[in-house]
Amino acid sequence: MTLSLARKVGAAAATVVAVGGVALGASAVAATSGPAVHPAAAPASAPVSVKAQPVASARHQAPQVVTQVIGKGRLDGQRWSVALEFHRTLPKGFTPPTLPDGTTVPGTSLLCQRMTINGVRIDHQGGPWADCQPVTGTHDPHPAGELGLWGLHDKGTTGTRLMVANPEPNVAYAIVTLTDGTHLKATTATVPGTTYKAWAVAIPNGKTIATVDQYNTHHHRLSHDTDWR
C-alpha cells in the first residue's frame with residue numbers, strides 16, 4: 001500500500017543516520033588522458049594478421065536480472081529492506097498495463113521496487129509484479145522524480161513506514177526531518193549498468209515528517225517538501 005507524490009511521471013509510470021541502517025551506494029565515472037603513442041608503421045610488404053578474440057557470452061556480460069539493495073535495517077522491532085530489481089527483458093508472466101486509449105504501456109525491460117517490513121513484501125496482494133513498471137532499456141528517464149510513503153497499513157499513513165524516492169540524476173542524498181527534530185539521512189544507490197537509482201529511509205511508528213530535502217554532491221539543496229506526514 002502506498003501514499004505517493006510524483007513530481008515528474010511519464011505516461012508509463014503507475015505511481016541521516018538512517019533509522020535501522022541504510023545501505024549506501026553511488027557510481028561515478030572518471031576519464032583520464034595521456035600523450036598519444038603512435039606505433040611504428042609496418043613495412044608495406046609485411047603481412048598483417050588479425051587474431052580473433054573470444055567474446056564472452058551475453059549472459060556473463062549482462063545478467064538478465066540485476067538487484068541493488070537501496071536500504072535495510074531494523075526499526076520498531078521489525079526488519080525492513082528496499083531494493084531495485086532490473087529485468088533486462090520483460091519477464092515471462094508479466095503483462096504490461098493498459099492505457100486509457102487501449103494501448104499498452106511501452107517498454108522492453110522491467111524495473112521493480114521490492115520493499116519489505118517484518119518479512120512481508122509491501123503490495124504482495126497485487127502479485128509478483130506489483131510495484132513494477134516497464135522501462136525502455138537501461139537509461140529510461142521516466143522513473144526519475146517519484147517519491148512515496150509505503151507501509152503495510154492504511155496506505156502508508158500508520159505503523160512503520162518506508163519513504164522511497166526514485167530521484168533525479170543529480171540527487172546524491174536526502175535528509176528527512178521529523179517534527180521531533182530527528183534527522184534521517186539516506187544516500188542514493190544505483191542499479192549497476194543502468195541509471196536507475198533510489199534512496200530509502202524508514203519512518204518510526206507514531207512519528208510525523210516535517211520536511212524532505214534532497215541535495216547534490218556539492219551539498220546544494222535541490223528540493224524542499226513539506227507535504228508529508
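The values are calculated or read from the model by the stated rules, or taken from the named source; none is laboratory data. In this text, all values refer to a predicted model and were calculated from it rather than measured experimentally. Neighbour counts are summed over all protein chains in view; Cβ atoms, including those assigned to glycine, are modelled from backbone coordinates with ideal geometry. Accessible surface is based on the protein model in full, side chains and every heavy atom, while ligands, DNA and RNA are left aside. Shrake-Rupley method; radii C 1.70, N 1.55, O 1.52, S 1.80 Å.
Only one residue in 134, 47, 106 is modelled with pLDDT under 95 and surrounded by 15 or more Cβ atoms within 10 Å (Cβ to Cβ). Which one?
Result of the check over 134, 47, 106: 106.
I'm told residue 82 meets every condition in (1) hydrophobic (A, V, I, L, M, F, W, C); (2) assigned to a strand (DSSP E or B); (3) surrounded by fewer than 18 Cβ atoms within 10 Å (Cβ to Cβ) except one. Can you identify the failing condition by its number?
If we test residue 82 against (1) hydrophobic (A, V, I, L, M, F, W, C); (2) assigned to a strand (DSSP E or B); (3) surrounded by fewer than 18 Cβ atoms within 10 Å (Cβ to Cβ), just (3) comes out false.
Just checking, how many residues over region 85-103 are loosely packed, with under 13 Cβ neighbours inside 10 Å and in a loop (DSSP other than H, G, I, E, B)?
The qualifying residues number 9.
As an exercise: evaluate residue 222 against (1) assigned to a strand (DSSP E or B); (2) crowded, with 20+ Cβ neighbours inside 10 Å and give the number of the one condition it does not meet.
(2)
Being of a type outside the set (Gly, Ala, Ser), within 18 Å of the chain's Cα centre (by Cα) and part of a strand (DSSP E or B) is the filter here; which residues of region 187-219 pass it?
Residues satisfying the conditions are 187, 190, 197, 199, 201, 212, 213, 214, 215.
Restricting region 172-217 to residues that are β-branched (Val, Ile, Thr) and within 21 Å of residue 67 (Cβ to Cβ), which is most open to solvent (accessible area, probe 1.4 Å)?
Among those that are β-branched (Val, Ile, Thr) and within 21 Å of residue 67 (Cβ to Cβ), it is 195.
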